[in-house]
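Undergrad: After the structure tokens below, expect a handful of questions from me.
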């Protein structure tokens, strides 16, 4: 894999990233890797949780003959701008800038966005907007609004906290889910781009836009091929949403629910997933069934677009 540090013009800032291409002459298909929510860098790392999901996908897909572009979010790593004041639709605009930059490279043929979690929302939007003609890969994609997703998530993650916490909350007539609803209502009532909640500065603009965002509209609009993959033990995105994706998009989508896979696409042998175990989970490789499904689907897309000209 040949990697090069690159700079992408995006509105009033430049986004820093890495273009990784297979070692060989001629054109290669490439993916645009889109990380989930939060201040994640080009590798998909948070300062407190180095998941490395984008880096891992780049390496895996390179072995299958695909190039990749991954970048630091606005205001993160070496990218310009301010992360906290960046909204949901600002990030979407940045991803479109990155996609167009990748399409313009002379050694790149077909381009497919591959998004994980919140990144999959942007991938679907690019497909619906006609920016991703070859299709898109949606990993851990929700079909519920942001608010519905976060409330559902609180209920699922709440099941993993100690019983004494639930007893204490019941004593005060509340629950983790109710506390989440209260926090989201407070966020909705803000108007500034950045606010302080419980002493911490929060990206309120992004959160307000995300809370109101309904992913189903983009799914109804897109006619490009889609691959949707969700793990059965995902506690951050409702696994049942995979059926909704299939129902909305019908014959141009391949949807797969992978048993015993968590939100970060690792095999989970415990009865339920717990985000507190993610630091241990990332020591495992991405589940082989997920990898095989992505590579197989990308291969069919590339062949459909370019016949025999790919290095797959």
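The values are calculated or read from the model by the stated rules, or taken from the named source; none is laboratory data. Every value quoted in this text rests on a predicted model; they were computed, and no experiment measured them. Note that each Cβ is placed from the backbone with ideal geometry, even for glycine, and that neighbours are counted across all protein chains shown.
Undergrad: Which number in (1) at pLDDT below 95; (2) over 26 Å from residue 195 (Cα atoms) marks the one condition that residue 46 misses?
TA: Condition not satisfied by residue 46: (2).
Undergrad: Only one residue in 61, 57 is within 15 Å of the chain's Cα centre (by Cα), more than 13 Å from residue 119 (Cα to Cα) and surrounded by 19 or more Cβ atoms within 10 Å (Cβ to Cβ). Which one? Reasoning before the result, please.
TA: Values: 61 fails: within 15 Å of the chain's Cα centre (by Cα).
Matching residue, one of 61, 57: 57.
Undergrad: Another question, then. Could you please find all residues in segment 1-14 being in contact with a strand residue (DSSP E or B) (Cβ under 6 Å, 6 or more places away or on another chain), over 18 Å from residue 132 (Cβ atoms) and touching a residue at least 40 places away in the same chain (Cβ under 8 Å)?
TA: Selection gives 1, 6, 14.
Undergrad: State all residues of segment 1-42 that are surrounded by 21 or more Cβ atoms within 10 Å (Cβ to Cβ), under 13 Å from the mean Cα position of the chain (by Cα) and not in a strand (DSSP E or B); if no residue qualifies, say none.
TA: 35, 36, 40, 41, 42
Undergrad: For segment 200-220, which residues satisfy the criterion of being over 17 Å from residue 93 (Cβ atoms), modelled with pLDDT under 95 and not in a helix (DSSP H, G or I)?
TA: 200, 201, 202, listed by residue number.
Undergrad: Here's a follow-up. Which of the residues spanning segment 101-113 are farther than 15 Å from residue 66 by Cβ and touching a strand residue (DSSP E or B) at 6+ places or on another chain (Cβ under 9 Å)? Steps first, answer last, please.
TA: Let us first name the residues in segment 101-113 that are farther than 15 Å from residue 66 by Cβ, namely 101, 104, 106.
If the condition is that a residue be farther than 15 Å from residue 66 by Cβ and touching a strand residue (DSSP E or B) at 6+ places or on another chain (Cβ under 9 Å), then 101 is the only one that fits.
Undergrad: With respect to residue 122, is the statement that it is surrounded by 20 or more Cβ atoms within 10 Å (Cβ to Cβ), part of a helix (DSSP H, G or I) and in contact with a helix residue (DSSP H, G or I) (Cβ under 8 Å, 6 or more places away or on another chain) true? First the steps, then the outcome.
TA: Details: surrounded by 20 or more Cβ atoms within 10 Å (Cβ to Cβ): yes; part of a helix (DSSP H, G or I): yes; in contact with a helix residue (DSSP H, G or I) (Cβ under 8 Å, 6 or more places away or on another chain): yes.
Criteria met by residue 122.
Undergrad: OK, next. Being free of Cβ contacts under 8 Å to residues at least 40 places away in the same chain, assigned to a helix (DSSP H, G or I) and closer than 22 Å to residue 125 by Cα is the requirement here; does residue 249 meet it?
TA: Numbers: free of Cβ contacts under 8 Å to residues at least 40 places away in the same chain: yes; assigned to a helix (DSSP H, G or I): yes; closer than 22 Å to residue 125 by Cα: yes.
Answer is yes for this residue.
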